[in-house]
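Asks: Pasting a structure here, questions to come.
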Amino acid sequence: MRASVLVTGAGGGAGNSLLRSLRAGDRELRLLGCHHDRFALKKSEAERNFLVHDVDDPRFVGALARLAARERVDCVIPTTDAEVRLLSARRRRLRGRLFLPRHDAVVLCQDKLALARALARAGVPVAETYPVTSLATLDATFAKLGRHAGVWCRIRTGHGSRGALPVASAAQARAWIEYWRDMRGVRPASFTLSELLPGRDFFAQGIWRAGRLVLLKTCERLSYFGAGNSPSGMSSVSALSKTVHEPEVARVCRASVAAVDRTATGAFNLDLKARADGTPCVTEINAGRFASGTALVDLAGKHNTATTYVRLALGEAPDIGEPYDVVEDCYSLRDLDTLPGVFPAEELFEGIIDARG
């Protein structure tokens, strides 16, 4: 495919992962990268790299549009929630170069409380969730969740398990929220309390066009990157994960995206956690961007989500067939300062000699 693609956040984990996925899927693509941090940009895996304004700078969109026009970019792919939110609202400045969901769907998905309520109304399984209106009402809110084995306290916006912690009492939740208020400037009303979901941890990445699912892949997190240093013991970034065939997870993903955007277009990556009975509940939908481990998803299965996205953005109709692309038991391994690896189960122990005695 002869096309030029501009990836934001190039040099960062999500940007470079997406660039690797695009390169693995189609060597003919001309890959450009941009970032507001010149040091991060130095690590970019794109062919050409451009220093741009930060997304919070009012000059960001205009400069990005001029760059895209000058370099004859066919498709711009944002890699952060802030960029997706801004570009979905200002898409006219990059007319024909974006493949994003509706702005109101993006806004909805970036508010975890609003998302949980919308999904619950649509009959999609989610954790029972309540807003923290004030510290004074914490005991009453906590009591509503008393029948559950535990309670999950988290900030309703952001990513990477920001401000998330399992708590056993209202006092623990209060202390956690007070810390974030006093040390990080986060208002108590920014938090939610929900039932703690004890089951399996899934993530999925899918591509939609005009409300139709084109391609979906599902994986299970088995361990977490940096979990030992995290108060929650969890993270949205897996250290070890594997591809799985879970039709119910796929069904819930389809239903949840339909619930937030009947004309869904672009990339949606979803996090799901199961109840004790195995029911997968949606905990997060990242609308408009790829997961940070895109390359890991795309090195398994028949089809590449990143290049499928570009083809759809350019008006092509990829021959996918069955959208649920499954190759079971393909493991991905990630660690600091090493390139991630993807291995079929039968290759995991090749070349390893057991010297344990």
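The values are calculated or read from the model by the stated rules, or taken from the named source; none is laboratory data. Bear in mind that the values here come from a model prediction, so they are computed numbers and not experimental data. Quick reminder, even Gly has a Cβ in these numbers, built from the backbone with ideal geometry, and neighbours come from all protein chains shown. When the accessible area is computed, the model is the full protein with side chains, heavy atoms only, and any ligands, DNA or RNA have been set aside. Shrake-Rupley method; radii C 1.70, N 1.55, O 1.52, S 1.80 Å.
Asks: Consider the range 58-73. How many of its residues are touching a residue at least 12 places away in the same chain (Cβ under 8 Å), open to solvent by less than 60 Å² (accessible area, probe 1.4 Å) and more than 24 Å from the chain's Cα centre (by Cα)? Walk me through how you get there before you give the answer.
Replies: Here is the first cut: in the range 58-73, the ones touching a residue at least 12 places away in the same chain (Cβ under 8 Å) are 60-62, 64-65, 67-68, 71-73.
Still in the running and open to solvent by less than 60 Å² (accessible area, probe 1.4 Å): 60-62, 64-65, 67-68, 71, 73.
Filter once more, so that each one left must be more than 24 Å from the chain's Cα centre (by Cα): 62, 65, 67-68, 71, 73.
The qualifying residues number 6.
Asks: While we're on this one: Just one of the numbered conditions (1) surrounded by fewer than 20 Cβ atoms within 10 Å (Cβ to Cβ); (2) modelled with pLDDT of 95 or more; (3) within 22 Å of Asp74 (Cβ to Cβ) is not true of Thr279; which one?
Replies: Among (1) surrounded by fewer than 20 Cβ atoms within 10 Å (Cβ to Cβ); (2) modelled with pLDDT of 95 or more; (3) within 22 Å of Asp74 (Cβ to Cβ), the lone unmet condition for Thr279 is (3).
Asks: I'm trying to understand the selection: among the residues of the range 61-103, which are of a type in the set (D, E, K, R), in contact with a helix residue (DSSP H, G or I) (Cβ under 6 Å, 6 or more places away or on another chain) and farther than 24 Å from Ser17 by Cα?
Replies: Arg90, Arg93
Asks: Continuing with the same structure: Residues of the range 240-257 being more than 23 Å from Thr307 (Cα to Cα) and either of a type in the set (Phe, Trp, Tyr) or surrounded by fewer than 18 Cβ atoms within 10 Å (Cβ to Cβ) (or both), which ones?
Replies: So in the range 240-257, the residues more than 23 Å from Thr307 (Cα to Cα) come out as 240, 246-249, 251-252, 255-256.
Within the range 240-257, Leu240, Pro247, Glu248, Arg251, Ala255 meet the criteria.
Asks: Report whether or not Ala46 is part of a loop (DSSP other than H, G, I, E, B), touching a Gly at 6+ places or on another chain (Cβ under 7 Å), of a type in the set (A, V, I, L, M, F, W, C) and open to solvent by 10 Å² or more (accessible area, probe 1.4 Å).
Replies: Yes: the conditions hold for Ala46.
Asks: Which residues, counting only those in the range 224-269, are modelled with pLDDT of 85 or more and among the aromatic types (Phe, Trp, Tyr)?
Replies: Our first condition is that a residue be modelled with pLDDT of 85 or more; within the range 224-269, this holds for 224, 238-269.
Across the range 224-269, the qualifying residues are Tyr224, Phe268.
Asks: Pairs, please: C-beta under 7 Å, at least 6 apart or cross-chain, first residue open to solvent by 10 Å² or more (accessible area, probe 1.4 Å) and in the range 13-35, second of a type in the set (Val, Ile, Thr) and assigned to a helix (DSSP H, G or I)?
Replies: From residues that are open to solvent by 10 Å² or more (accessible area, probe 1.4 Å), the pairs are Gly25/Thr307; Asp26/Thr307.
Asks: So which strands (runs of 3 or more DSSP E) are wholly in the range 120-212 and hold at least 1 residues that are open to solvent by 60 Å² or more (accessible area, probe 1.4 Å) and of a type in the set (Lys, Arg)? Talk me through it step by step, then tell me what you get.
Replies: On the way: elements: 129-131, 151-155, 165-167, 191-195, 201-209.
Once the strands (runs of 3 or more DSSP E) in the range 120-212 are filtered for at least 1 residues that are open to solvent by 60 Å² or more (accessible area, probe 1.4 Å) and of a type in the set (Lys, Arg), what remains is 201-209.
Asks: Could you tell me how many of the residues in the range 307-332 are in contact with a strand residue (DSSP E or B) (Cβ under 8 Å, 6 or more places away or on another chain) and surrounded by 19 or more Cβ atoms within 10 Å (Cβ to Cβ)?
Replies: Keep residues of the range 307-332 that are in contact with a strand residue (DSSP E or B) (Cβ under 8 Å, 6 or more places away or on another chain), which gives 308-310, 312-314, 318, 320, 323-332.
Those still in the list that are surrounded by 19 or more Cβ atoms within 10 Å (Cβ to Cβ) too: 308-310, 312-313, 324-325, 330-332.
Of the residues in that region, 10 qualify.
Asks: Can you tell me how many residues within the range 74-114 are open to solvent by less than 30 Å² (accessible area, probe 1.4 Å), within 15 Å of Val260 (Cβ to Cβ) and part of a loop (DSSP other than H, G, I, E, B)?
Replies: 2
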